[in-house]
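Derivation of every value follows stated rules applied to the coordinates shown; laboratory data play no part. Note that the structure is a prediction, hence the values are computed from the model and not measured. We place every Cβ from the backbone using ideal geometry, glycine too, and count neighbours over all the protein chains shown.
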Amino acid sequence: MAGAVDTSKGLPSHPERATLEGKNKFLGFWFFLGGETILFATFFGTFLGLRGGTADGPTSADLVALDLVFIMTMLLLTSSLTSVLAMFAMKKNNFKAMMIWMWITVVLGLAFLGFEIYEFHHYVTDYEFGFSTSAFASAFYSLVGLHGAHVAFGLSWIIVLLIRYRKSGITLTNAPKFYVAGLYWHFIDVVWVFIFTVVYLMGVGG
Amino acid sequence: MATQKQEKSVIWDWLTTVDHKKIAIMYLIAGTLFFVKAGVMALFMRIQLMYPEMNFLSGQTFNEFITMHGTIMLFLAATPLLFAFMNYVIPLQIGARDVAFPFVNALGFWIFFSGGLLLSLSWFFGGGPDAGWTAYVPLSSRDYGGLGLDFYVLGLQVSGIGTLISAINFLVTIVNMRAPGMTMMRLPLFVWTSFISSTLILFAFTPLAAGLALLMLDRLFEAQYFIPSMGGNVVLWQHIFWIFGHPEVYILVLPAFGIISEVIPAFSRKRLFGYTAMVFATMIIAFLGFMVWAHHMFTVGMGPVANSIFAVATMTIAVPTGIKIFNWLFTMWGGKITFNTAMLFASSFVPTFVLGGVTGVMLAMAPVDYLYHDTYFVVAHFHYIIVGGIVLSLFAGLFYWYPKMFGHMLNETLGKLFFWIFYIGFHLTFFVQHLLGLMGMPRRVYTYLGDQGLDAFNFISTIGTFFMSAGVILLVINVIYSAYKGERVTVADPWDARTLEWATPTPVPEYNFAQTPQVRSLDPLFYEKIHGDGTMKPAEPVTDIHMPNGSILPLIMSIGLFFAGFGLIMLNMDNPLINPWIVAIGGLVITFGSMFVRSVKEDHGYHIPAEQVKADLAELKKGGN
Amino acid sequence: MKLWKTASRFLPLSFLTLLLTGCLGEENLTALDPKGPQSQWIYDNMILSIIVMALVSIVVFAIFFIILAKYRRKPGDDEIPKQVHGNTALEITWTVIPIILLIILAVPTITGTFMFADKEPDPEVGEDTVYIKVTGHQFWWQFDYEEEGFTAGQEVYIPVGEKVIFELHAQDVIHSFWVPALGGKLDTVPGITNHMWLEADEPGVYKGKCAELCGPAHALMDFKLIALEREEYDAWVEGMTAEVEEPTETLANQGRAVFEENSCIGCHAVGGAGTAAGPTFTNFGEREVIAGYLENTDENLEAWIRDPESLKQGNEMPAFPDMSDEDMEALIAYLRSLNVKE
């Protein structure tokens, strides 16, 4: 059943879904993202439920500085765009362009992560807003931190792929891997949009 | 049979296998061991409750037993036992050579198993978790719960990951791996219910993972989600738990419905009545299953509006369930029924499950539930669902698929005796518990006073447990006896059944189907018996068969997760021998390192040459199979 | 629900009701012998649901037994039965009939839910409606009569024939407040205030229980609800609020010293004095039981004081294993002297 794809005339137009393995990976990953969505939904629900539970600690209106968060959002949105460009390059079988766009994605992601670490550090040192300060604080750090952990995991995943396949060109084996990693990156980005809205914008608005 | 792997030792073969059939048998064995363990706990608890004010178990030990009994039975017994059948049967029923991700399948098993071991380890570190399987905060929080709760949180977290990835695997398998002609509306009902149940796992185990993570952060890192004085909310945990917990019931009972929907048609010699209605009823049950979680919380004080909405939503589940009941009845109606052990279990499931269902509707009436809630009435209700529904169908499935899995029959005489003893014991145990609840006996009590009129029914209930235990012992005897003396099965289709798994030879070759079959109808094998020559038409010529390589990595990865979990638990120990972080991070390094190895080292599997397959086929013909 | 009440009079004819009303369980505990309007309503609607559900079950069982009798495969019979795909008319039938049955049950469900959630004062009693603040502790119950200004432990007194409103709190973990013979249960949840009401039709001592797992001694976290006629109740309230008199006996007076020297009073308040970290002792001499479940005898009391852990695992009470026999005797005499009812 497998390996029956004729590659003598170059790669098919959708190299990531050309083999049964690729198709399985693709579908399995969508299911996985479905589960991840619910995971985040639960953390969002927890955050919304405990948003008011500040117990004399800082409230979100005290904390949030939108300019920083705006820069972070832009970084992550741009990285999503560059990963799309990488996938376009993959479909055109332009390996070099794909690698370059992917590396740019990684750099943007690292910058985002750096800002997030700075943000947390800022809250802890300047506002005495630690993980155990209040139920709101715990919920805030676990939701945003879970997202941060996803960013970190996504980055290491993409970096491993980039190093492992630095010279291999696009093949039917690695195309699904890159594609799936790109999908994961978009997912992280979408989750951030919700965090931006629910945690930061709604936090400022009261 | 292709046996080119014989040079490797048997143990290594099982530790590294990615064959869905072997993984199924490992699930079966692991599930059985946990089932026996939790069953013995139940027996001890019933002995404690046999007479008023007994001192057989202390209150603390009893609470550890109720917690572990419930947790093990649901997560580590019922789930793996159903997964055993799902693993074995789904690929065969859809005409596939394996699941979509054989590696992930093995990984799922080993992670589940190491999580189960982690949970069980609590007995050696000061006692099991003691806050009930629902682990309500604050009783389970850092201020009130002991080390056992850390084992609960991390053991379930680890085993939940295994369950989750196995579910994704089933989903992809059913969508992508079906043989030609096996359309979605020709899928056997067991495959359908497994599919929907896997969807539920995907959407229900993730909230559980989130909830367990919150509880872990509470217990190990001083998070404040559940501490009212710090702005936390204790009811939040109940919502998260039951958003998982209610669908969990359907996760278990839907595949059980599936087994019943296979066994009843096979032994009634009739196709399933109302197949389409059955499929859609399953979907509706699953959908509604997510809308009703708060009916477990009627007495927590959610207010009359929420209580009314969830009460009415809960009642509606009775409609699709009723549809299923009548469809099973009318499958048997007009059939030619053979009452062997499998069919005894499957047919008795129908009225038994109705008894559990009607008490379910009674419980849905919120204001009346203020009486039933947290009493023995509830205990009776959910045991009618779980034992009367899930366990009866597991036994039906066991007797039905046993010859395919192990190449011999289970003894029928012992089987029927087992059925009667178990079935009578079951009703004896649980029917009177309805009345105990109404008479004022709360659940989860380790004892009761003698002057409360509860003595007689508690005694009867305990006697019933002895019957059930005797039944299970008979089953064990049957398994051992049949292994030596049981009727050998060499034919493909010992039951004269209807679905594709019975088109494979017994024992099933590791590639399942020499040629992928062409499916022409629902109940494809039965269709060929009527309209063809009784064998499946191949959809492809005999070619080289691609097979995945075995791998030890799943085992190593799950060992890593085991230590990651154990390291985190050590954070709460009084004097851990080594720094907990070394253990925890070491475990994660092992897991992610193996993941890295797997990802970097491409493994394309191997091919069984066409000649080998042809030789196997020829040998089968000679054997008259 | 008037109609239903009339109909229920005929029910004792049915086997099921015979079974259920056959005095199952202990009076003043079992919910099958309701002693108040709320438990009566619950009971009636339970019977209603049992009847509806019995109808369904009887149909299923009848079909099932016909199948058992009629459709067995005879040995050697290889004929293949007719393969039926389904039957739309039948399937509509068993969809519509359950929906109708469920609507029958849904109506009282909704009305009952709102009825029980009502926390308005009893219209017939008006301003005199009794409000009691209930606090669940591991493993005992505290009852604050805030308006009247006193606290009772383990035994809660209410006037008969009046709707009494309970405000539920929890000190440590979740408990559940339940008097089966009088009504439904409601959880006491830390950080949350719940309300419920109960009414007793006749005077009596009703058994109450904790219905939510709360630790090792959850099973022993019983309490008593004592319903008195209004005059008697008022007298009791007066007794509880009156100044605590010095014990008249010397032995009891000696016991009071023991009580204070051993810091018992640090947890067990008597009258206004002391804190309520443990059950209040103002009317201890009249307690039906001690520790929630032991008969109130001198032997039990002594055993409890010497080693509470062995009698109620996980409770907070410190042990006094080395108390001298004289002190013990005096202490018990003092505790016995704590009465408010004369």
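I'd like to know which of B:471, B:69, A:159 lies farthest towards the positive end of the charge dipole of the protein assembly as shown, counting +1 on Cβ of Lys and Arg and -1 on Cβ of Asp and Glu. With unit charges placed on the Cβ atoms, the residue in question is A:159. Distant-in-sequence amide contacts of residue B:140, defined by a placed amide H-H separation under 5 Å and a gap of 5 or more residues or a different chain, comprise nothing. Working from Cα pairs under 8 Å separated by at least six residues, relative contact order for chain A is 34 percent.
Taking the Cα centre of chain C as reference, the dipole from Cβ charges on Lys and Arg (+1) and Asp and Glu (-1) amounts to some 3040 debye.
Listed by chain and number, the aspartates and glutamates whose alpha-carbon sits under 17 Å from that of residue B:614, ignoring those within fewer than 8 places in the same chain, are B:510, B:540, B:544.
From other protein chains only, count the Cβ atoms within 10 Å of every residue's Cβ in C:312-324, then give the mean.
1
Neighbouring Cβ atoms from other chains, within 10 Å of the Cβ of residues in B:125-138, number 2 on average. Which residue, chosen from A:102, B:307, B:362, occupies the Cα position most advanced towards the positive end of the dipole of the protein assembly as shown, where the dipole is computed from +1 (Lys, Arg) and -1 (Asp, Glu) charges on Cβ about the Cα centre? Value computed over the given set: A:102. Which entries in B:270/B:537; B:416/C:82; A:91/A:177 show an alpha-carbon gap greater than 20 Å? With Cα atoms farther than 20 Å apart: B:270/B:537; B:416/C:82. Backbone geometry of segment C:150-160 corresponds, through the Karplus equation with coefficients 6.51, -1.76 and 1.60 at θ = phi - 60°, to 3J(HN,Hα) couplings of 8, 10, 10, x, 6, 10, 10, 9, 9, x, 6 Hz, x marking Gly and Pro.
Scanning residues 5 or more positions from residue B:408 or on other chains, those with amide H under 5 Å from its amide H are B:489, with H placed 1.01 Å from N in the peptide plane. Taking the average, over residues, of other Cβ atoms within 10 Å as the packing measure, peptides B:339-347, B:278-286, A:51-59 rank B:339-347, B:278-286, A:51-59 from highest down.
Please quote Rg/Rh for the protein assembly as shown to two decimal places, taking the Kirkwood radius as Rh and restricting both calculations to Cα atoms. Checking Rg against Rh, the ratio lands at 1.00. Straight-line reach only, C-alpha to C-alpha below 17 angstrom: list the lysines that residue C:163 could link to, leaving out same-chain residues fewer than 8 apart. Output for residue C:163: C:35, C:119, C:133, C:185.
Kindly express, to the nearest 10 degrees and within the range 0 to 90, the angle between helix C:230-241's C-alpha long axis and the longest C-alpha principal axis of chain C. The helix C:230-241 is inclined about 40 degrees to chain C. Computed from Cα positions, the angle between helix B:455-485 and the longest principal axis of chain B comes to roughly 20 degrees. Hey, what angle do you get for helix B:412-438 against the long axis of chain B, alpha-carbon based, 0 to 90 degrees rounded to 10? Helix B:412-438 and the main axis of chain B meet at about 30 degrees.
Take the convex hull of the alpha carbons in segment B:475-625; its mean projected area over all directions comes to 15.4 nm². Sequence-ordered 3J(HN,Hα) estimates for segment B:109-121 from the Karplus curve with 6.51, -1.76 and 1.60 and θ = phi - 60° stand at 4, 5, 5, 3, 5, 5, x, x, 5, 4, 4, 5, 4 Hz, glycine and proline given as x.
The packing ranking, built from the mean of other Cβ atoms within 10 Å per residue, places the peptides B:403-409, B:386-392 in the order B:386-392, B:403-409, highest first. Using a simple spin-label model with pseudo-atoms 7 Å out from Cα toward Cβ, residue B:603 and residue A:204 lie 5.0 nm apart. When both segment A:138-206 and segment B:99-125 are represented by their alpha-carbon centers, they are found 27 Å apart. Computed over segment C:236-342, relative contact order equals 36 percent, with contacts defined as Cα pairs under 8 Å that lie 6+ residues apart.
When each of the peptides B:437-450, C:241-254, B:508-521, A:87-100 is scored by how many other beta carbons lie within 10 Å of its residues on average, the order from highest to lowest is B:437-450, B:508-521, A:87-100, C:241-254. Of the residues B:10, B:27, B:48, the one whose Cα sits farthest toward the positive end of the charge dipole of segment B:1-89, with +1 on the Cβ of Lys and Arg and -1 on the Cβ of Asp and Glu, is B:10.
Remark: the protein assembly as shown carries a charge dipole of roughly 8580 debye about the Cα centre, counting +1 on each Lys and Arg Cβ and -1 on each Asp and Glu Cβ.
Taking the inverse of the mean reciprocal distance over all distinct Cα pairs, the Kirkwood hydrodynamic radius of chain B comes to 25.4 Å. Among the residues of C:93-106, the average count of other protein chain beta-carbon atoms within 10 Å of the residue beta-carbon is 5. Prolate is the label for chain C. Its Cα gyration tensor axes, ordered a ≥ b ≥ c, give a/c of at least 1.5 and a/b above b/c.
Amide H to amide H distances under 5 Å link residue C:158 with C:226, C:227, C:228, where only residues 5 or more positions off or on other chains count and H is placed in the peptide plane.
Return the Rg/Rh ratio of segment A:16-205 with Cα-based radii and a Kirkwood Rh.
Ratio value, two decimals: 1.04.
Residue B:109: net charge of surrounding residues, Cβ under 15 Å, Lys/Arg +1, Asp/Glu -1, itself excluded? It works out to a net charge of -1.
Restricting to DSSP H runs of at least four residues, report the calculated mean residue ellipticity at 222 nm for chain B, -39500 (n - 2.57) per run over all residues, nearest 500 deg cm²/dmol.
My calculation for chain B gives -21500 deg cm²/dmol from helical runs alone.
Relative contact order, whole percent, for chain B stands at 17, derived from Cα pairs under 8 Å and 6 or more residues apart.
This model, with +1 at the C-beta of Lys and Arg and -1 at the C-beta of Asp and Glu, gives segment A:16-205 a dipole about its Cα centre of some 1340 debye.
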